[in-house]
Amino acid sequence: MEEVLDKIKVHASKAKDGAVKLTKTVIDKTNNVVNQTKLKFAISEIKGKVNDIYTEMGKTVYEEYEKTGEITEELAEKCGKVDALMEEMLEIKERLAELKETVRCSECGSYNHVDDVYCSKCGEKLYSDDSE
């Protein structure tokens with residue numbers, strides 16, 4: 001009878017360890033999805049800001065064109081803001097790519113799975129021979 005109880009304890013312990021491992025995996029994957037969602041939201045928010053600046057720039061350019069036919073320093077400042085936001089968005093996209101286990105093609109900029117050898121969009125080799 002004691003042997004049976006020992007076997008039950010061993011199987012129960014294995015089941016518990018398996019459940020703990022599964023729970024940790026589920027939590028890790030859930031956190032990954034939450035982080036991806038946060039980064040996607042941040043990208044969307046930046047795109048909205050860029051579009052607002054584009055609208056302001058268009059209005060500014062048109063108004064300046066109507067007055068003098070020249071572009072002002074204010075417009076150059078807005079271009080700088082767009083550049084900064086685009087850089088921030090690129091950094092966030094890179095963090096998102098890491099979470100999704102993707103890499104960016106150096107040729108066309110599209111994202112591919114880390115296990116891919118060639119870009120699915122342009123066919124460029126994703127890794128140099130040194131890194132394989």
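Given a 1.4 Å probe and the protein chains as shown, Leu96 ends up with an accessible area of around 20 Å². From most to least packed by mean Cβ count within 10 Å, the peptides 109-121, 25-37 give 109-121, 25-37.
When both region 37-59 and region 88-132 are represented by their alpha-carbon centers, they are found 24 Å apart. Phi-derived couplings, Karplus 6.51 cos²θ - 1.76 cosθ + 1.60 at θ = phi - 60°, listed residue by residue for region 87-95: 5, 4, 5, 4, 4, 5, 4, 5, 5 Hz, with x used for Gly and Pro. Counting heavy atoms of the protein chains alone, Ser13 has an accessible area of about 60 Å² for a 1.4 Å probe. Less than 5 angstrom separates the built amide H of Tyr118 from those of Leu126, all sequence-distant by 5 or more or on a different chain. What angle, in degrees between 0 and 90 and rounded to the nearest 10, separates the Cα long axis of helix 2-67 from the longest principal axis of the Cα atoms of the chain? Roughly 0 degrees, rounded to the nearest 10.
From its DSSP helices (H runs of at least four residues, each -39,500 (n - 2.57)), the chain gives a residue-normalised ellipticity at 222 nm of -26500 deg cm²/dmol. Counting only protein chain heavy atoms and rolling a 1.4 Å probe, the accessible areas of Ser106, Ser128 rank, largest first, as Ser106, Ser128.
Computed over protein heavy atoms with a 1.4 Å probe, the accessible surface of the chain works out to 78 Å² per residue.
Which percent of the accessible area of region 4-73 is formed by carbon and sulfur heavy atoms (probe 1.4 angstrom)?
60 percent
Over region 1-47, the fraction of Cα-Cα pairs per 5 Å bin, rounded to whole percents and listed from the shortest bin up, is 5, 19, 11, 13, 9, 9, 9, 6, 7, 4, 4, 3, 1, 1.
Across Lys59, Lys40, the residue with the most accessible area heads the list, and the full order at a 1.4 Å probe is Lys59, Lys40. Multiplying the residue separation of Asp83 and Gln36 by 0.36 nm and subtracting their alpha-carbon distance yields 14.6 nm.
The values are calculated or read from the model by the stated rules, or taken from the named source; none is laboratory data. Note that this is a predicted model, so its numbers are computed, not measured. Note that each Cβ is placed from the backbone with ideal geometry, even for glycine, and that neighbours are counted across all protein chains shown. Side chains included, ligands, DNA and RNA excluded: accessible areas come from the protein's heavy atoms. Shrake-Rupley method; radii C 1.70, N 1.55, O 1.52, S 1.80 Å.
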